[in-house]
């Protein structure tokens, strides 16, 4: 080993191979004189993918590097173009992808569902014959009797042959197109 060369290890993963100094980049190309040793793999991951891509056991150290940058940005004078007043990020604020959870075999946290202030669905309108009548006669017919019912499509004088309720899928659309092609006199 040559004289004067120090052995350094990556701050994030503790690897001693291909370790470079990572400069804290401020906005608009300004670079802080402070550095931290990172191996090339962690350095590329940090710049390309962010701290959400690190393994579960190295995320805390990557978060320390990220929070150091935020600390530097907060310490700049208020008039400085790179000054930002970002609070330190916490471990639970780190954004993870679905792939990350799958790769490391971790069950993703459940997201709380936020209820909308207004419903996007229109409530069911009342039955034409009245809700009381519908409740009273809802179970009057068996599924076989309902399947035997027919639908008739008519437009003005023109009537098309009846279609069984069980066969209606797709046929009704064709029938309506046939009827709509006929001019209707009002």
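Here are the numbers for this structure:
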quantity: Search result, residues across the range 26-62 that are within 30 Å of residue 108 (Cα to Cα) and in a strand (DSSP E or B); calculated: 38, 39
quantity: Within the range 53-70, tally of residues that are in contact (Cβ under 8 Å) with a residue 12 or more places away in the chain and either at positive phi or exposed (fewer than 13 other Cβ atoms within 10 Å of the Cβ) (or both); calculated: 1
quantity: Flag for residue 118 being in a loop (DSSP other than H, G, I, E, B) and either modelled with pLDDT under 80 or not assigned by TED's automatic domain parsing to the domain that holds residue 31 (or both); calculated: yes
quantity: Leading residue by the ranking (surrounded by the most Cβ atoms within 10 Å (Cβ to Cβ)) among those in the range 155-169 that are modelled with pLDDT of 70 or more and in a strand (DSSP E or B); calculated: 163
quantity: Boolean, residue 65 is within 27 Å of residue 108 (Cα to Cα) and in contact with a strand residue (DSSP E or B) (Cβ under 7 Å, 6 or more places away or on another chain); calculated: yes
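The values are calculated or read from the model by the stated rules, or taken from the named source; none is laboratory data. Given the structure is predicted, the values throughout are model-derived calculations rather than measurements. So basically every Cβ, Gly included, is an ideal-geometry build from the backbone, and we count neighbours across all protein chains shown.
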